[in-house]
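What follows is a short report on a single structure.
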Amino acid sequence: MSPENGKLLPETDAGGLNFKATELTLGLPGESRVTSDGVAKLGSKRGFSETVDLSLGDNKDSNKLGQFQINVPEAAKSPVSKAQVVGWPPVRGYPKRGTKSCKYVKVAVDGAPYLRKVDLEMYNTYQQLLTSLEDMFSCFTIRNYLNDKKLERVNGIEYVPTYEDKDGDWMLVGDVPWHSSNDTYKTFKRKLNEEALYMKHPRN
Amino acid sequence: MESSELKRSKDSVNSCESARRSSFPDEVLERVLSLLKSHRDRSSVSLVCKDWYNAERWSRTHVFIGNCYSVSPEIVARRFPRIRSVTLKGKPRFSDFNLVPENWGADIHAWLVVFAAKYPFLEELRLKRMAISDESLEFLAVSFPNFKALSLLSCDGFSTNGLAAIATHCKNLTELDIQENGIDDIGGSWLSCFPESFTTLEVLNFANLTSDINFDMLEKLVGRCKSMRVLKLNRSVSLEQLQRLLVNAPQLAELGTGLFSQELTIREYEELESALSNCKNMHTLSGLWDATGMYLPALYLACTHLTFLNLSYAALQSVELAKLLAHCPQLKRLWVLDSVEDKGLEAVGLNCPLLEELRVFPADPFDNEIVHGVTEAGFVAVSFGCPRLHYVLYFCRQMTNAAVATIVQNCPDFTHFRLCIMNPGQPDYLTNEPMDEAFGAVVKTCTKLQRLSVSGLLTDLTFEYIGRYAKNLETLSVAFAGRSDWGMQCVLGGCPKLRKLEIRDCPFGNAALLSGLEKYESMRSLWMSACNVTMNGCRLLAREMPRLNVEARGGMPHHLSLLSEMLGTRQTENY
């Protein structure tokens, strides 16, 4: 295609239009629109009510078809549920305005087969966080207690929660008020006496 | 006899013309035209005659391309040999709301390749809704030794690595303005790539990046860039750090703070307050993440000459806003979240008589449970107190026809009226009638109206009004509105200055689409999605108007994107 030609769609044939390329197909948002094998799909438009019910991105709704129509209510009907309409209200996605960021942190315990995640925003005090972590890792500590001879010597489980701040220093948890410290956490560890049971907390 | 008379008169005309030409050399004309900045004026000038066309093209240093598919970079370079500054816009606006599929296009790279060959002395590049990769940013950074200013708004496809390339290579950089973009924020180390010898930065905006940056490097950078006038920090910068920066940069005219919430001692608070108030040139303030009533008073002394206050990241309550605004008598532009509610907007009306622009964003746009926010009462209150108001973007959950009529009576000078009633198709909540009369009042009263966004329950009558009265309207956004083709036909048949029309989820079909054939030649773009237009309608349109770039996609949601008169073709990837 020469720039001066001004033809329309990329795969123009001699007639001016590639009908296969412009054929209406069904697909979910984000799916490839052009079927390379040119398989014809049903070219129906969605009904407005189906738009409303559609869980966008959810494959199980791909069977909803129907003639597209807008029913502009004569009288006040219950308004369309906002959350289910793509791109509405028309606010830009980034960055989120006025909403709190989720501070999910990974917590890893050495020797544990898998990690957990906690949302620091869920807690208002250190105590709440530590209690929650204890609950989460109670099974591991029990297992370690049974397996690890060192732990047997310990009278109860003694944890000293520590974290690595953004200067790279290891700090004792609790000196800085909870809310201001949230932004300086980099790594969260819990030391068991000298043996460190690390709970890593990379920034998300 | 007659022919010799004709010949004589022709000769005299010719000699008049040549006499005129010799007394007005091209250099003079070029010099005069070089003073013209507005691209519209320049377009007009270029249409006068061939001499003026040539003089204009040789004197133009900045080119504005509102639709990157309307022309090819080769043609631009051929016509304008001396460009130093380029502004390019790409994707349709609805891409901001995820209505445009990924990989749609608007890739900058082909442009950069041509510019590198034809405009090696390029200094400025401002992009909006373009796709730009890290490779392109690196290419840009090394290809233009005089490069000075990069501004990216609503672009995507790049990461902070691309920014690192810019910081590393652009020795003459004065402006790095990274506004809301789909950027892959890998980390903050890009900021540390500015060399220690680098001192020319005047504008630095990284407010919408999330990663931590190295504060020491930032402090040194700000310290040595003595001409810095715009500094917009990201959330990772604390209040204490802000104070340290401001002490070394009291000349700042525009400041975007970082997080505005931290436990400060009294002394630290006073130092902050002092540093802020020492910024005597400050006219624009933004950032203020998580600002609360506790620390806002630190700003009071700094707000005396403030003309633009952007609180859209600070979910203030009405009382906090009222107290702050009492110190902002010069305010012309205000952006807030609807957490301030109607009471907050009453305070706006009381404290800001010079206000020209108000934007009220929803704090929780996707939460159906919310019953707060602003109503028609807040908007009305502002209109009573701010007669100079001409730009409004207002997200609300209820509105009445009467309120809008009052508003435009108080403020007849609206140029931009963007009202978003957040429940689609919602009527006047008091009368249960459509909102037709509201927008009728707007277009009848506001004769200078250039941009209009409509919402709520609307019949075709709204569009009759728009077509008939909105003589200066250039941009119209429509969603979940109208009854039949007639609505869209009214708009296309009226609105002589219409340039951009974007429509989603409306019952406008092929008849409406095809009624605008003449109109499309003078428009920049048309977008229609989830309407009643069919593929056949698009084919017909494309056939009738071969110079238009018509793009129609099936699928869900199917849409028609009609870009204006094309001299080039749209090179798309298969998607």
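The values are calculated or read from the model by the stated rules, or taken from the named source; none is laboratory data. Everything numeric in this text was worked out from a predicted model, so none of it was measured. Here the Cβ is made from the backbone with ideal geometry for all residues, glycine too, and neighbour counts use every protein chain on show.
Just to be sure before I move on: is B:Thr168 within 14 Å of another protein chain (Cβ to nearest Cβ), in contact with a Pro (Cβ under 8 Å, 6 or more places away or on another chain) and surrounded by fewer than 22 Cβ atoms within 10 Å (Cβ to Cβ) in the structure I sent? Even if it seems obvious, please write down each step before you answer.
Working: within 14 Å of another protein chain (Cβ to nearest Cβ): no; in contact with a Pro (Cβ under 8 Å, 6 or more places away or on another chain): yes; surrounded by fewer than 22 Cβ atoms within 10 Å (Cβ to Cβ): yes.
The answer is no for B:Thr168.
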Q. Of (1) in a loop (DSSP other than H, G, I, E, B); (2) touching a Gly at 6+ places or on another chain (Cβ under 6 Å); (3) within 28 Å of B:Lys343 (Cα to Cα), B:Met282 satisfies all except one. Which?
A. (2)
Q.
Checking B:Arg418 against (1) of a type in the set (Lys, Arg); (2) within 13 Å of chain A (Cβ to nearest Cβ); (3) under 24 Å from B:Gly293 (Cβ atoms): exactly one of these is not met. Which one?
A. (3)
Q) Hey, does the stretch B:537-556 have a residue that's assigned to a loop (DSSP other than H, G, I, E, B), within 7 Å of another protein chain (Cβ to nearest Cβ), at pLDDT below 50 and under 20 Å from B:Glu502 (Cβ atoms)? A) yes
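Collect the residues in the stretch B:130-173 that are of a type in the set (Ser, Thr, Tyr) and touching a residue at least 40 places away in the same chain (Cβ under 8 Å), keeping them in residue-number order. Working first, answer last.
As a first pass, look at the stretch B:130-173 and keep what is of a type in the set (Ser, Thr, Tyr): B:133, B:136, B:143, B:151, B:154, B:159-160, B:168.
Those that are of a type in the set (Ser, Thr, Tyr) and touching a residue at least 40 places away in the same chain (Cβ under 8 Å): B:Ser154, B:Thr160.
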Q. Is it the case that B:Ser339 is of a type in the set (Ser, Thr, Tyr) and either in contact with a strand residue (DSSP E or B) (Cβ under 6 Å, 6 or more places away or on another chain) or within 14 Å of chain A (Cβ to nearest Cβ) (or both)?
A. yes
Q. Residues in the stretch B:363-402 that are under 14 Å from B:Gln426 (Cβ atoms) and assigned to a helix (DSSP H, G or I): how many?
A. 2
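For the structure I just gave you, tell me whether B:Gly223 is surrounded by 21 or more Cβ atoms within 10 Å (Cβ to Cβ) and modelled with pLDDT of 95 or more.
Numbers: surrounded by 21 or more Cβ atoms within 10 Å (Cβ to Cβ): no; modelled with pLDDT of 95 or more: yes.
In short, no.
Tell me which residues, restricted to the stretch B:166-200, are more than 17 Å from B:Arg126 (Cα to Cα) and not in a loop (DSSP other than H, G, I, E, B).
Step one: list which residues in the stretch B:166-200 are more than 17 Å from B:Arg126 (Cα to Cα), which gives B:168-169, B:171, B:184-200.
B:Thr168, B:His169, B:Asp184, B:Gly188, B:Ser189, B:Trp190, B:Leu191, B:Ser192, B:Cys193 - these are the residues of the stretch B:166-200 that are more than 17 Å from B:Arg126 (Cα to Cα) and not in a loop (DSSP other than H, G, I, E, B).
Can you tell me which residue is nearest to the chain's Cα centre (by Cα) among those in the stretch B:302-321 that are assigned to a loop (DSSP other than H, G, I, E, B) and within 14 Å of chain A (Cβ to nearest Cβ)? Please lay out each step first, then the result.
Narrowing the stretch B:302-321 to residues assigned to a loop (DSSP other than H, G, I, E, B): B:304-307, B:311-317.
Okay, now just the ones that are also within 14 Å of chain A (Cβ to nearest Cβ), so B:311-317.
Numbers: B:Leu311: 18, B:Ser312: 16, B:Tyr313: 18, B:Ala314: 21, B:Ala315: 23, B:Leu316: 25, B:Gln317: 28 Å.
Filtering first and then ranking leaves B:Ser312.
State whether one or more residues within the stretch B:464-474 are among the acidic types (Asp, Glu), touching a strand residue (DSSP E or B) at 6+ places or on another chain (Cβ under 9 Å) and at pLDDT 95 or above. Full working, then the answer.
Filtering the stretch B:464-474 down to residues among the acidic types (Asp, Glu) leaves B:464, B:474.
Okay, now just the ones that are also touching a strand residue (DSSP E or B) at 6+ places or on another chain (Cβ under 9 Å), so B:474.
Among the residues that remain, those that are also at pLDDT 95 or above are: B:474.
Yes: the stretch B:464-474 contains one or more residues that are among the acidic types (Asp, Glu), touching a strand residue (DSSP E or B) at 6+ places or on another chain (Cβ under 9 Å) and at pLDDT 95 or above.
Please pick out the residue among B:Leu324, B:Leu299, B:Leu331 that is within 25 Å of the chain's Cα centre (by Cα), among the aliphatic types (A, V, I, L, M) and either buried (at least 21 other Cβ atoms within 10 Å of the Cβ) or part of a helix (DSSP H, G or I) (or both). Quick ask: steps written out before the conclusion?
Numbers: B:Leu324 fails: within 25 Å of the chain's Cα centre (by Cα); B:Leu299 fails: within 25 Å of the chain's Cα centre (by Cα).
Within the list B:Leu324, B:Leu299, B:Leu331, the selection yields B:Leu331.
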Q. Looking at B:Cys490, is it away from chain A (no Cβ under 14 Å), on the phi > 0 side of the Ramachandran plot and not acidic (Asp, Glu)?
A. no
Q | Residues of the stretch B:422-440 satisfying the condition of being at the interface with chain A (Cβ under 9 Å from one of its Cβ atoms) and aliphatic (A, V, I, L, M) | A | B:Met422
Q. Somewhere in the stretch B:83-100, is a residue farther than 30 Å from B:Ser453 by Cα, in a strand (DSSP E or B) and either more than 14 Å from chain A (Cβ to nearest Cβ) or at pLDDT below 95 (or both)?
A. yes
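Closer than 27 Å to B:Ser312 by Cβ, modelled with pLDDT of 95 or more, surrounded by 16 or more Cβ atoms within 10 Å (Cβ to Cβ) and away from every other protein chain (no Cβ under 14 Å): is that true of B:Leu231 in this structure?
On the way: closer than 27 Å to B:Ser312 by Cβ: yes; modelled with pLDDT of 95 or more: yes; surrounded by 16 or more Cβ atoms within 10 Å (Cβ to Cβ): yes; away from every other protein chain (no Cβ under 14 Å): yes.
For B:Leu231, the condition - closer than 27 Å to B:Ser312 by Cβ, modelled with pLDDT of 95 or more, surrounded by 16 or more Cβ atoms within 10 Å (Cβ to Cβ) and away from every other protein chain (no Cβ under 14 Å) - is met.
Right, B:Asp184: at pLDDT below 95, under 26 Å from the mean Cα position of the chain (by Cα) and among the charged types (D, E, K, R) or not? Write out each step before concluding.
Numbers: at pLDDT below 95: yes; under 26 Å from the mean Cα position of the chain (by Cα): yes; among the charged types (D, E, K, R): yes.
It is true that B:Asp184 is at pLDDT below 95, under 26 Å from the mean Cα position of the chain (by Cα) and among the charged types (D, E, K, R).
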Q: Residues that are crowded, with 24+ Cβ neighbours inside 10 Å and more than 20 Å from the chain's Cα centre (by Cα): find the strands (runs of 3 or more DSSP E) completely inside the stretch B:415-528 holding 3 or more of those.
A: none
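Considering only the stretch B:234-272, how many residues are within 13 Å of chain A (Cβ to nearest Cβ) and not aliphatic (A, V, I, L, M)? Explain how you work it out, then say what you get.
Within the stretch B:234-272, the first condition is being within 13 Å of chain A (Cβ to nearest Cβ), and the residues that meet it are B:234-241, B:256, B:258-265, B:268.
This time we only want the ones that are not aliphatic (A, V, I, L, M), so: B:234-236, B:238, B:240-241, B:256, B:258, B:260-263, B:265, B:268.
The number of residues fulfilling the criteria is 14.
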Q) How many residues are away from chain A (no Cβ under 14 Å) and surrounded by 23 or more Cβ atoms within 10 Å (Cβ to Cβ) if we restrict to the stretch B:359-382? A) 4
